[in-house]
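These notes concern the structure reproduced below.
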Amino acid sequence: MSVQNDYQTFIGLEIHIQLLTRTKAFCSCPAAFGDEPNTNVCPICLGYPGVLPALNEQALFMAYQVATALNCRLSPVTHFDRKNYFYPDMPKNYQISQFGSPVGLDGSIEFPYMGEIRKIRIHDVHLEEDAGKMIHAGDISLVDYNRAGTPLLEIVTEPDLTSGDETEAFIHYFRRFVRYLEVCDGNMEEGSLRCDANISINKPGRGLGTKVEVKNLNSSRFVRMALNYEYSRQRKVLEEGSSIQQETRLWNENRDISIVMRRKEESHDYRYFPEPDLPPFRPEQEYLQGVEKSLTELPLARQIRFTSAYGLSADQAAFLTEERERADFFEDAASCGADPLELYRWLSGDVLRHLNHARISLMESALSPARLADLLRMITDGTIHGKIAKKILQIIFDEDQDPLTIFEERGMRQITDEEEIRKIVQRVIAEDPAAAAQAAEGQQKVYGYFMGLIMKMSGGRADPRITRRILETEIKQETGEGA
């Protein structure tokens, strides 16, 4: 709850995630994105008369994983219901869902926001099937039923969020949460994570106001914009002495406004009744223990642990734990002896640039935790310096070789012999005495110019610290400053 201009804001979400199963919820059709329209369909997901659904075991297990990770009270028995309504993208004219006995109830999730840990209550977690997809082009509307029947998990929060900005931050964290559990890829652009947002405002102390739902938001930015718009719209309505209508609205991303879609239905409008073709499911203790064992350390807990175990700042730990594979990579490299802070610097700098340039993930790259740890160890023990390390990193990405092999086969050993370095320094000074005079006058940029020439002449192998010391000494002697 927050107070904005004498109004309290209450926001609850209905988050829908498409589960990462191979097949659909109640048939064996592939649950794949991007295939040719209406190719992943069968009589079951198209709702032909007389067909029988068969529950996807993996989808149910994932539902229990999410409910358990959200600290829900798990239902001792859960069954499916038919939710009856007509839409062009729902071929059966009903949706198989859980209404009377969802997988989990009364849970909670914590997430970081503005330097604090916020706790959001979870009303329920229930499993259902997705609808198809409507494609609108001018006066023509087309339907792709490939998505119809895809296993969809809905997570309903209590109205504990307080602003559009906070809600956007929560969605970002929730995406990390489901990706850590490996139950959803969290791709909002492809519709595998989307949400409906419910918002009401009221005078302080008067409790919830009249709820308005903003439907089918497929971007965290649109969620923030829609909720901030709705707050302003509802506040204006109330200040004009009118009443808020309970309704469902759509966000028009081209005009940055919400528009009325329909008056909000109540649960009785859907005429729920038990799905007669699917028996109730009663999870045994062994099943629930298997769910517990399958869970991983969640992103917030891992982020907090990284700050204490590795001496990282909150921001550094947040970056490293943003993706599970990045956190795993970091810990594996640290276990190989790499310094945690140096690991963070390289992962957030040069490594990230290579990944972004190639548009690949860490696991898809040729860089392994052991290779990065070996590379950093070579810097630490003085075998190479930073510029050589960057060259080796590039070759690792390009040619899939170990850093020590690259170092030995390409003669990248760092030059630390002072006499050898001095000869190179004397040569570059002799070739540009005017620049040497400017350096002697204290122009630091000229020192950088000379260092660049020396590195080029030495193939980047001259030790930078030794080189800088010798360069300063030689310039003073050459210009008579050392006399």
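Here, each number is a calculation from the coordinates, and none is a lab measurement. Everything numeric in this text was worked out from a predicted model, so none of it was measured. FYI the Cβ positions are ideal-geometry reconstructions off the backbone, even for glycines, and counts take in every protein chain you see.
Okay, here's what the table says:
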{"read-out": "Given Lys24/Lys293; Lys92/Lys119; Lys119/Lys293; Lys83/Lys211; Lys92/Lys215, the pairs whose alpha carbons are separated by over 30 Å", "value": "Lys92/Lys119"}
{"read-out": "Farthest toward positive dipole pole in the chain [+1 Lys/Arg, -1 Asp/Glu at C-beta], among Val425, Ile454, Phe99", "value": "Phe99"}
{"read-out": "Cα-based helix-to-principal-axis angle, 418-431 vs the chain, degrees rounded to 10", "value": "80 degrees"}
{"read-out": "Listed residues Gly241, His136, Thr210: farthest to the positive end of the dipole of region 2-290 (Cβ charges)", "value": "Gly241"}
{"read-out": "Debye, to nearest 20: dipole size of the chain, +1 on Lys, Arg Cβ, -1 on Asp, Glu Cβ", "value": "780 debye"}
{"read-out": "Tilt relative to the chain, helix 369-380 - C-alpha long axis, 0 to 90 degrees, to 10", "value": "30 degrees"}
{"read-out": "Rounded to 10°, Cα long-axis angle of helix 285-294 versus longest principal axis of the chain", "value": "30 degrees"}
{"read-out": "Residue among Leu153, Ile122, Asn254 farthest towards the positive dipole end of the chain, charges placed on Cβ", "value": "Asn254"}
{"read-out": "Ranked Thr467, Thr416, criterion: other C-beta atoms within 10 Å, fewest first", "value": "Thr416, Thr467"}
{"read-out": "For region 90-146 versus region 399-458, the gap between their alpha-carbon centres in whole angstrom", "value": "61 Å"}
{"read-out": "Separation between Cα centres of region 187-251 and region 287-359, rounded to whole Å", "value": "35 Å"}
{"read-out": "Net dipole in debye of region 174-288 [+1 Lys, Arg Cβ; -1 Asp, Glu Cβ; about Cα centre; nearest 20]", "value": "720 debye"}
{"read-out": "Within region 39-121: Cβ-based charge dipole about Cα centre, in debye rounded to nearest 20 (Lys, Arg +1; Asp, Glu -1)", "value": "160 debye"}
{"read-out": "Residue-averaged [θ]222 nm for the chain, counting only DSSP H segments that reach four residues, each worth -39500 (n - 2.57)", "value": "-12500 deg cm²/dmol"}
{"read-out": "DSSP-loop trypsin sites (Lys or Arg not before Pro) across region 382-420, with at most 15 other Cβ within 10 angstrom", "value": "Arg410, Arg413"}
